[in-house]
Amino acid sequence: MRGPAYAILVLALWGCASHETSITNKWADDRLWSVLDAQDHRDTDRLCALLKDSSAVVREAAAMAFASVQDSLARPCLIGSLKDGDGHVRASAAYALGLVADSISLVELNKASDTEQDTAVQRVMVEVGFRAELALRKHDATWLISFLESDDPDIRTRSAQSLARLPKEESAAVANDVMHAVGVEQDQNVRTFLVAALKHNTTMEVTDKLKALAAGDSLPMVRVAALRALGAKQDPTEAVFFVDRLHDADQGARQTAVEQLQRIEGTIDGETLWKAAQEHPDPRIKVPLCELVMEHGDEATKAACATLLSKLAEGDGDPYLNAALIQARSSTLALDTLIGWMRPPRSAPERQAAFAAALANVRGTMMHARYASREAQYAGLASVGRAALLSGDAGLVAAAAEELVKEEGDVIALLMDKDTEQHAFASLLPIRDLEAHQLLEEAIAKRDGLAPPKHKGPAFNHPISRERLMHLSEGQQYRITTTKGEIVLALEPGAAPGSCVAFDSLVTAGYYNGKAFHRVIANFVAQGGCPRGDGYGSMDWTLRTEIGTQGFEAGAVGLASAGRDTESCQFFITLAPAPHLDGHYTRFAHVVSGLAVARDLQVGDVMERVVRMP
């Protein structure tokens, strides 16, 4: 999210570039191609030299390139460019510096802001300086509260979101201030984050306020935030309230309500859950409710629910519904059955669900049993973990490695010996399965008593097609026809040229047709495009992370990644502002129409067809 000042500067610069070249995106200017090449190769020295070019257009592009490169060694170059004679260059240098600022460079940035004569550039510097200081002081609750009175909506939004992300012990001191701010804040985005920040305040006044918001606020995003804040209190007596919210008009609120029911620790009335499960028309709500019945119901209710789940499992459900059914039925399924379902012909989402269910099965047994030895205690966990590691399935290897990292080193040694480690690595490709590689290396380091490895992005391996880029206009539109309706995106090649070219190439090849949205989180993102369908899939190439000035407000479209410079085919649509993603993820497009459709998406909804519009 940006304040208006930077947007004005960027639009002015684009206008100049279009006037000079009469081409649809700025990269047709031959002077800028060397900047893009240096950016793609992460060549700090070349970019520093380009900051001294005679052309202000080149200097501005070089400064912005450092937002993508994010090399701390560039700080002196960028600090020097804060005194450039061109305002666009100064603003871009400030923006890039803010992403790598330490306490020393922050002082220089604030000095430049104090002496800046151009009010638009100065506002950029103030916003950037705040973001940089926020990274250094993100756990200072009192400091964050002080910025809720700023007249800059960007600063207030970031302050509110940071308050919402504070742990309980740090947010308690400002609970009354947050409650007051909820009552007076007019900006809906800021207000939503402030409501989320009430999650650790357990007073009756706050609980009543959250219930009122969850049940009656006109904005779905506020209702979702209130439901999450209530769920964080872990009060079983609130279960009936969440059951009532299962019929909210907003899909995201309904899904959030069932998620909060799943989080409650303690006994919930099984009959209430069973009644809700029988009555609800949406299988994606019905199935997790049945899973809760299997945990909280009496024997008769459990039996009735098990019968319903068995009937649903006999149907021709999609892979994601089948995965939910595996999870819901896990308490009635034998461990050997679940391990067997971790293999084809089960789909990737189903295999992941079987793995998760098998883990839960084993961990549940471990909590209530006594063992003669440590080896015996972890024998069940070892059987599940090894089945995943030896499966030849990169997604299961990654999921197993994530679980291993949670254990102590000696336990990891029991679960993964050298032979299993080698077999797991042998099944992975170096680029496509990079995430699984990284997770395995982390688990091995912990097992062997070593420091966590510092993961580096892959080497440059996917050059941008200049010919294809020249045929992409700023704002080129694409229609995504989903099972819920149409979403239209507009590309932003000026900010993310490599990402836009890759997306256009995949669309042209028909890659996205039939791909599902495998991850949907209300008030956050809808993510799809995974070739596996479980979130662990990628391509045999990676893209460079590309950072522009526009942030992740609602409707921004970004690329998923497993770390810097690992992006490929998976993309996400932000359903609400997500400023914590700014500077870390590539934004390459935005929603032109159909954001309401995106907010109505559920896990398993399909992109039936994605086409480039004339």
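So Lys138 ticks every box in (1) assigned to a helix (DSSP H, G or I); (2) basic (Lys, Arg); (3) modelled with pLDDT under 95 but one. Which box is left unticked?
Evaluating Lys138 over (1) assigned to a helix (DSSP H, G or I); (2) basic (Lys, Arg); (3) modelled with pLDDT under 95 leaves (1) as the failure.
Looking at segment 369-383 only, could you name the residues that are closer than 17 Å to Ala334 by Cβ and either without any contact (Cβ under 8 Å) to a residue 12 or more places away in the chain or in contact with a Phe, Trp or Tyr (Cβ under 7 Å, 6 or more places away or on another chain) (or both)?
Correct list: Ala369, Ala379.
Looking at segment 577-594, which of the residues that are among the hydrophobic types (A, V, I, L, M, F, W, C) and within 22 Å of Ser473 (Cβ to Cβ) is farthest from the chain's Cα centre (by Cα)?
Val592
Could you count how many residues in segment 477-498 are surrounded by fewer than 21 Cβ atoms within 10 Å (Cβ to Cβ), in contact with a Ser or Thr (Cβ under 8 Å, 6 or more places away or on another chain) and of a type outside the set (D, E, K, R)?
Matching residues across segment 477-498 total 1.
Yes or no: Phe425 aromatic (Phe, Trp, Tyr) and closer than 26 Å to Asp605 by Cα? Walk me through it before giving the result.
On the way: aromatic (Phe, Trp, Tyr): yes; closer than 26 Å to Asp605 by Cα: no.
Criteria not met by Phe425.
With respect to Asp336, is the statement that it is under 30 Å from Ser391 (Cβ atoms), in contact with a strand residue (DSSP E or B) (Cβ under 9 Å, 6 or more places away or on another chain) and surrounded by fewer than 23 Cβ atoms within 10 Å (Cβ to Cβ) true?
Against the criterion (under 30 Å from Ser391 (Cβ atoms), in contact with a strand residue (DSSP E or B) (Cβ under 9 Å, 6 or more places away or on another chain) and surrounded by fewer than 23 Cβ atoms within 10 Å (Cβ to Cβ)), Asp336 does not qualify.
Specify the residue that is surrounded by the fewest Cβ atoms within 10 Å (Cβ to Cβ); the eligible residues are those in segment 285-309 that are farther than 22 Å from Gly252 by Cα, in contact with a helix residue (DSSP H, G or I) (Cβ under 9 Å, 6 or more places away or on another chain) and of a type outside the set (A, V, I, L, M).
Looking at residues that are farther than 22 Å from Gly252 by Cα, in contact with a helix residue (DSSP H, G or I) (Cβ under 9 Å, 6 or more places away or on another chain) and of a type outside the set (A, V, I, L, M), I get Asp298.
The values are calculated or read from the model by the stated rules, or taken from the named source; none is laboratory data. The shown structure was predicted, so the numbers you read here are calculated from the model rather than taken from an experiment. Every residue, glycine among them, receives a Cβ derived from its backbone with ideal geometry; neighbour counts consider all protein chains shown.
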